[in-house]
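A short worksheet on the structure shown next.
The values are calculated or read from the model by the stated rules, or taken from the named source; none is laboratory data. Nothing here was measured: the structure is a model prediction, and the numbers come from that model. Positions of Cβ are generated from backbone atoms using ideal geometry, with glycine treated the same way; all protein chains shown enter the neighbour counts. The area values use the complete protein model at the heavy-atom level, side chains included, leaving out ligands, DNA and RNA. Shrake-Rupley method; radii C 1.70, N 1.55, O 1.52, S 1.80 Å.
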Amino acid sequence: MNIVISGASKGIGFEVAIKFANLGHRVLALARNSDKLKQLQKASPLIDILSIDLCNDLGGDSIQTKLNAFSKVDILINNAGQLINKPFLNTSIEEFNLQINANYLSSIRLIQWTYPYLLKSKASHIVNISSMGGFQGSSKYLGLSGYSASKGALITLTECLANEFKEDDISVNALALGAVGTEMLASAFPDYKAPLTPKQMAQYIVDFSINGKQYFNGKILPVALDNP
Ligand SMILES: NC(=O)c1ccc[n+]([C@@H]2O[C@H](COP(=O)([O-])OP(=O)(O)OC[C@H]3O[C@@H](n4cnc5c(N)ncnc54)[C@H](OP(=O)(O)O)[C@@H]3O)[C@@H](O)[C@H]2O)c1
């Protein structure tokens with residue numbers, strides 16, 4: 001299969017890319033940091049990389065070239081994200097905007113760019129990586145209003161697109177992750193020890209991306225042992 005994953009230069013996305021390649025799938029790995037992407041590429045000849053900032057539209061042409069070489073996309077994983085841990089009243093509009101852009105609009109861009117290639121797969125799966133913070137009724141944490149609300153938007157988008165793409169045989173689901181030990185979590189909660197490593201979470205994401213569309217469409221699955 002052909003896989004596109006955003007946010008693959010580190011953390012969970014890095015491990016997901018490696019696991020897919022180890023299973024023999026072709027991977028297009030996206031992120032901004034080209035040095036880290038080059039490190040990832042060394043892990044397997046099945047991994048191609050593209051340095052791209054998904055917070056603007058400028059990468060449209062470069063990703064098109066990569067996708068043409070791919071010809072079809074079977075799985076798109078919208079995993080790129082950013083978190084700013086600040087109380088609501090101290091958070092600037094620019095900081096809210098950044099999180100909406102990185103956690104929500106980035107996925108919209110990538111879905112629009114990959115849509116023609118997802119169609120060609122005949123049975124493709126979009127997996128949006130959201131957060132327990134954006135999951136309705138979950139515990140909420142001080143300092144995460146901007147982050148959680150942007151992840152909530154991604155959840156609602158998931159439900160809408162599952163309906164909109166039904167006739168296209170494109171399934172759309174979201175995973176609302178709990179705590180995983182990555183740089184993002186450590187920067188927000190330095191004293192907290194997460195119950196899962198990025199490798200462990202990556203295993204679930206890979207399995208779900210491959211098999212989940214047989215059982216779910218338009219669903220939001222909490223994947224959480226614990227939240228900070
Ligand atoms: N770790 C947790 O506990 C946890 C819990 C719930 C949900 N999540 C979600 O899981 C996903 C992965 O998180 P993580 O913990 O692995 O975070 P991470 O280690 O900080 O990795 C985030 C990834 O997103 C990429 N990224 C950020 N902004 C980008 C942009 N504008 N354009 C392209 N790529 C961008 C980063 O790469 P560059 O900097 O190279 O661009 C990096 O590869 C995120 O969506 C996060 O919100 C994580």
Filtered trypsin sites (Lys or Arg not before Pro), the stretch 182-213: DSSP coil and at most 13 other beta carbons within 10 Å: Lys193
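Leaving ligands and nucleic acids out of the surface, order Phe14, Phe208 by accessible area at 1.4 Å, largest first.
Values: Phe14 50, Phe208 10 Å².
If we order Phe14, Phe208 from most to least accessible, we get Phe14, Phe208.
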PRE reach from Asp53 (point 7 Å along Cα→Cβ): which of the stretch 70-85 fall under 18 Å by backbone N? 80-84
Taking every other residue with Cβ under 11 Å from the Cβ of Gly134 and scoring Lys and Arg +1, Asp and Glu -1, one gets +2
With a 1.4 Å probe and every protein chain left in place, work out the accessible area per residue of the chain in Å², rounded to a whole number. 47
Relative contact order [Cα under 8 Å, 6+ residues apart], the stretch 1-158, whole percent: 22
Take the chain, connect every pair of alpha-carbon atoms lying under 10 Å apart with a spring to form a Gaussian network, then pick out the residue of Ser106, Ser171, Ser139 with the largest mean-square fluctuation. Ser139
Within the under-15-Å Cβ sphere about Ala153, not counting Ala153, Lys/Arg +1 and Asp/Glu -1 give a net charge of +1
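Report the gain in length on full extension from Tyr215 to Leu119: 0.36 nm times residue separation, minus Cα-Cα distance, nm rounded to one decimal.
Length gained between Tyr215 and Leu119: 32.6 nm.
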Length released on extending from Lys199 to Asn97, taking residue separation times 0.36 nm less the Cα-Cα span: 33.7 nm
Mean 1/r over distinct Cα pairs of the chain, inverted to a Kirkwood Rh in Å, yields 17.4
Order by protection proxy (mean Cβ within 10 Å, highest first), peptides 145-153, 175-183, 83-91: 145-153, 175-183, 83-91
Quick one: net charge around Leu28, please, counting Lys, Arg +1 and Asp, Glu -1 for every other residue with C-beta under 11 Å from its C-beta. +1
Would you mind checking which residues have amide H under 5 Å from Gln82's amide H? H placed 1.01 Å from N; only 5 or more apart, or other chain. Asn103
Tell me, what % of the accessible area of the chain is carbon and sulfur with a 1.4 angstrom probe? 54
State, to one decimal in nm², a quarter of the convex hull surface area for the C-alpha atoms of the stretch 126-228, i.e. the direction-averaged projected area. 6.5
